[in-house]
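The values are calculated or read from the model by the stated rules, or taken from the named source; none is laboratory data. What you are looking at is a predicted structure, and each value in this text was computed from that prediction instead of being measured. Methodologically, a virtual Cβ is constructed for each residue, glycine included, from the backbone with ideal geometry; neighbour enumeration extends over all protein chains shown.
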Amino acid sequence: MAKASRPATDAPPERPPASLITRSIEGIGRRVLSGLEDLGRVTHILALALANLFVRPVRVRETLRMMEFVGVQSLPIILLTSAFTGAVFTLQSYRAFAMFGAQAMVGGTVGVALTRELGPTLTGLLVAGRAGSAMAAEIGAMRVSEQIDALDAMAVDPINYLVKPRIVASVLVVPMLTALFDFVGCLGSYAIGVGVLRLSRPEFMVRLRDWVDWDDIWTGLFKALVFGLIIGTVACYKGFYTTGGARGVGLATTSSVVVSSVAILISNFFIAYALP
């Protein structure tokens, strides 16, 4: 008696479930590829903006409008932060130096710290949070409402019209705000050091002039220029590639602030390491 044959099935054999290690490796690979894609897009949009610097129309009026937005409208928060940064750093430095009887070093220490590190870094972070987020939200809203597509349809280059003025304005204005931050921070330090802590005025000023030289000032301004380039580029990139409607605009705005702040802090380390 013949054995009954098994019914033939067309379904392929089931694959064994992927192991935890395989899924982890795939997740890492996806994140790496996503990061490389973002880096490529940022580099591409920056290269297009630089290539459009001297392409007509120059967009002078739009650039001046963005300089007013990034610079003039940021003055209140810059002035307030710089004054209290210089004041609190003077207070803490005085308490530390008083342990060794070296209170006279307060003026020079605060001046060097402001010009080389605190001034450009805090200015960059403040501008990224106030102006960078707004630029990303504005361009992102134009993207999800198809206004950028309308510019393309009207033969208006969106890079030339939207991206170039914002990057140029950020690069020009952030060093100016940094110089103002340094000046007001030193005034706040002087007010607390001489007016409250009763430090010798001539000694405070002599230390400040002797310790802070032009290398410190130019280093801080160069950092500010790089930070301005980062803020403008990241904000325009996040806004330009926004998807997902109103929720996408919010995510792009938040991501712009986070990425700009992290990039500023990382680049600050490498610039400080490279420059004497």
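Out of curiosity, is Ala136 part of a helix (DSSP H, G or I), small (Gly, Ala, Ser) and buried (at least 17 other Cβ atoms within 10 Å of the Cβ)? Answer is yes for this residue.
Across the stretch 67-99, what is the number of residues that are aromatic (Phe, Trp, Tyr), within 22 Å of the chain's Cα centre (by Cα) and either more than 16 Å from Gly119 (Cβ to Cβ) or modelled with pLDDT under 95 (or both)? So the answer is 1. For the residues Arg95, Arg116, the requirement of being out of contact with any helix residue (DSSP H, G or I) (no Cβ under 9 Å at 6 or more places or on another chain) and either closer than 30 Å to Ile167 by Cβ or assigned to a helix (DSSP H, G or I) (or both) singles out Arg95. Of note, Ala134 satisfies the criterion of being under 23 Å from Val168 (Cα atoms) and either within 18 Å of the chain's Cα centre (by Cα) or among the small types (Gly, Ala, Ser) (or both).
Does Val127 count as within 21 Å of Val194 (Cβ to Cβ) and in a helix (DSSP H, G or I)?
Numbers: within 21 Å of Val194 (Cβ to Cβ): no; in a helix (DSSP H, G or I): yes.
Spelling it out, it is not the case that Val127 is within 21 Å of Val194 (Cβ to Cβ) and in a helix (DSSP H, G or I).
List every residue pair whose Cβ atoms lie under 8 Å apart, where the two residues are 6 or more positions apart in sequence or sit on different chains, the first residue falls within the stretch 242-257 and is in contact (Cβ under 8 Å) with a residue 60 or more places away in the chain and under 17 Å from Ala131 (Cβ atoms), and the second residue, located anywhere, is of a type in the set (S, T, N, Q) and not in a helix (DSSP H, G or I). Filtered contacts from the stretch 242-257: Val249/Thr242; Ala252/Thr242. The set of residues from the stretch 44-65 being closer than 16 Å to Tyr237 by Cβ and either in contact (Cβ under 8 Å) with a residue 12 or more places away in the chain or not in a helix (DSSP H, G or I) (or both) comprises Ile45, Leu46, Leu48, Ala49, Asn52. Look at (1) touching a residue at least 40 places away in the same chain (Cβ under 8 Å); (2) of a type in the set (Ser, Thr, Tyr); (3) over 20 Å from Val106 (Cα atoms); (4) surrounded by fewer than 16 Cβ atoms within 10 Å (Cβ to Cβ) and you find that Ser200 fails only one, number (3). Taking each residue of the stretch 139-151 that is more than 13 Å from Gly245 (Cα to Cα) and looking for partners that are modelled with pLDDT of 95 or more and basic (Lys, Arg) with beta-carbon atoms closer than 6 Å, six or more apart or interchain, yields nothing. Would you be able to say whether some residue in the stretch 196-217 is in contact with a Phe, Trp or Tyr (Cβ under 6 Å, 6 or more places away or on another chain) and in a helix (DSSP H, G or I)? There is no residue in the stretch 196-217 that is in contact with a Phe, Trp or Tyr (Cβ under 6 Å, 6 or more places away or on another chain) and in a helix (DSSP H, G or I).
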